1. Simple spin-label model, 7 Å along Cα-to-Cβ: A:Arg80 to B:Gln117 in nm?
2. Could you state the per residue volume, in Å³, of the convex hull enclosing the Cα atoms of the stretch A:9-64?
3. Given the rule -39500 (n - 2.57) for each run of at least 4 DSSP H residues, summed and divided by the residues of chain A, what is its mean residue ellipticity at 222 nm, to the nearest 500 deg cm²/dmol?
4. So if I take the centroid of the Cα atoms in the stretch A:84-154 and the same for the stretch A:32-63, what is the distance between those two points in Å?
5. What average number of partner chain Cβ atoms lie no more than 10 Å from the Cβ of the residues making up B:163-173?
6. Pairing the Cα long axis of helix B:137-155 with the longest principal axis of chain B, what angle in degrees results, from 0 to 90 and rounded to the nearest 10?
7. Taking the Cβ of A:Tyr52 as the centre, find all other residues whose Cβ is under 14 Å away and add up their charges (Lys, Arg: +1; Asp, Glu: -1).
8. Which whole number gives the average count of other chain Cβ atoms within 10 Å of the Cβ atoms across peptide A:27-38?
Protein chains: 2
Amino acid sequence: MTEEVSPRKGDRTKAAILASARNAFHELGFDGASVRAIAAQANIDPAMVIRYFGSKQELFAAAVRIELRLPDLAQVPKSRRGRALVEHFLHRWEGEPNEDALIMLLRSAVSHEDAAQRLHTVFASQVVGALRPVVAASELKRRSALVASQMLGLALTRYVLRLPAVADLTRTDVIRDFSPTIQRYVAGPLPH
Amino acid sequence: MTEEVSPRKGDRTKAAILASARNAFHELGFDGASVRAIAAQANIDPAMVIRYFGSKQELFAAAVRIELRLPDLAQVPKSRRGRALVEHFLHRWEGEPNEDALIMLLRSAVSHEDAAQRLHTVFASQVVGALRPVVAASELKRRSALVASQMLGLALTRYVLRLPAVADLTRTDVIRDFSPTIQRYVAGPLPH
DNA sequence: TTGAAAAATCAACAAGTGTTGACATCAGCG
DNA sequence: CGCTGATGTCAACACTTGTTGATTTTTCAA
């Protein structure tokens with residue numbers, strides 16, 4: 001009534017399912033989050049989940065659909081690109097809690113082959129995409145590997161494993177401690 | 001017959017179960033590896049797995065039992081401790097394939113709470129234990145966090161996700177590229 | 001060889017999974 | 001009103017999971 005464009009009742013519940021699914025996939029991964037649990041948390045019948053999304057796999061694909069917000073490193077002074085990258089990912093991961101798709105993929109990729117493939121793709125677009133404009137083509141793969149290993153290692157230990165030593169760091173700590181490493185991986189000299 | 005001390009038939013199959021379980025847990029994680037699949041790969045009845053180990057959980061605990069081979073960094077010149085650490089873990093992880101407990105824990109910790117707790121413990125003994133003799137107590141937690149994030153990030157991207165950019169690196173490449181970072185995390189200056 | 005313990009087999013259980021189809025309820029429009 | 005299509009409910013399916021008990025086969029010493 002109050003809406004202007006067909007406030008279809010179904011759209012609200014569809015959104016509720018999606019929100020519940022994002023939460024569940026975020027903290028339990030694909031296999032750990034059951035359709036029944038997702039439905040229960042949204043106060044909905046499990047059958048509706050299938051009716052609205054077709055299958056659990058398609059629900060996951062919808063929940064994980066990503067907006068690619070790439071940082072434009074070319075517009076950042078060369079000496080601050082490491083810091084910019086760390087801030088970019090930290091902002092993504094701690095923007096709205098229990099929402100980021102990369103963490104969902106990380107939690108799922110271990111056991112779910114499709115999620116692993118999607119993570120490869122996301123990695124390629126996010127990290128390689130960010131670095132391509134600012135590093136030599138001959139070094140792109142190597143520098144991307146280094147950045148990915150450190151940033152995914154940070155995400156893993158901080159958000160998935162929650163090792164106290166890493167999880168207890170403040171945002172400021174993280175930026176201060178990891179920026180120099182990423183800076184070297186992006187723009188520093190590589191050992192020959 | 002050819003053995004001297006009670007070559008109990010059961011010990012052989014128990015060992016076979018353990019080997020099969022290590023393999024399965026290593027590539028599928030705790031939830032992904034079913035008791036039936038483990039038994040099938042060892043050509044035995046699923047019931048035997050339970051009879052010999054009590055439960056899947058106890059089998060996992062037995063498969064993941066770890067020999068703590070800590071590197072003694074105090075005996076390594078200060079400037080080479082980063083390299084020594086990288087070589088230590090690389091040797092662990094690529095020693096005998098499909099055997100390392102840390103990878104098994106990494107694959108399982110995502111969905112299995114006990115595995116996550118064990119990983120915290122292993123991390124504490126392996127990383128913190130190696131660093132304690134050679135870093136100031138006031139910096140131990142912070143330096144351990146940095147080393148753990150990079151080394152687990154390497155393990156994650158190389159062995160679990162198998163991102164081509166990281167998995168394609170040779171052992172020599174890995175040592176060359178990651179040692180400087182770990183060296184800085186262990187003995188270099190920390191940003192204030 | 002005989003007999004007892006160890007090892008292996010088989011079928012079944014209770015619980016949980018994703019998914020489906022038949023049915024009931026409700027909305028809004030003619 | 002009555003009708004139609006969208007929403008929601010319920011029970012059941014086929015399957016997989018870890019685990020158990022009864023039963024049979026094998027092993028090995030007396």
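1. With each label point 7 Å from Cα toward Cβ, the separation is 4.6 nm.
2. Details: hull volume 3.5 nm³, N = 56.
In the stretch A:9-64, the Cα convex hull volume per residue is 63 Å³.
3. Here the helix-only value at 222 nm equals -19000 deg cm²/dmol.
4. Each part's Cα centre sits 26 Å from the other's.
5. On the way: counts 11, 5, 15, 9, 1, 3, 5, 0, 0, 0, 3.
Averaged over the peptide's residues, the number is 5.
6. 60
7. On the way: positive: A:Arg8, A:Lys9, A:Arg12, A:Lys14, A:Arg51, A:Lys56; negative: A:Asp11, A:Asp45, A:Glu58.
Around A:Tyr52, the charge tally is +3.
8. Working: counts 0, 2, 3, 1, 5, 4, 1, 0, 0, 0, 0, 0.
The per-residue average across the peptide is 1.
A short reminder: the numbers here are calculations on the coordinates, not readings from a lab. Keep in mind it's a predicted model, so treat the numbers as computed, not measured. Please note: Cβ atoms are built from the backbone with ideal geometry, for glycine as well, and neighbour counts cover all protein chains shown.
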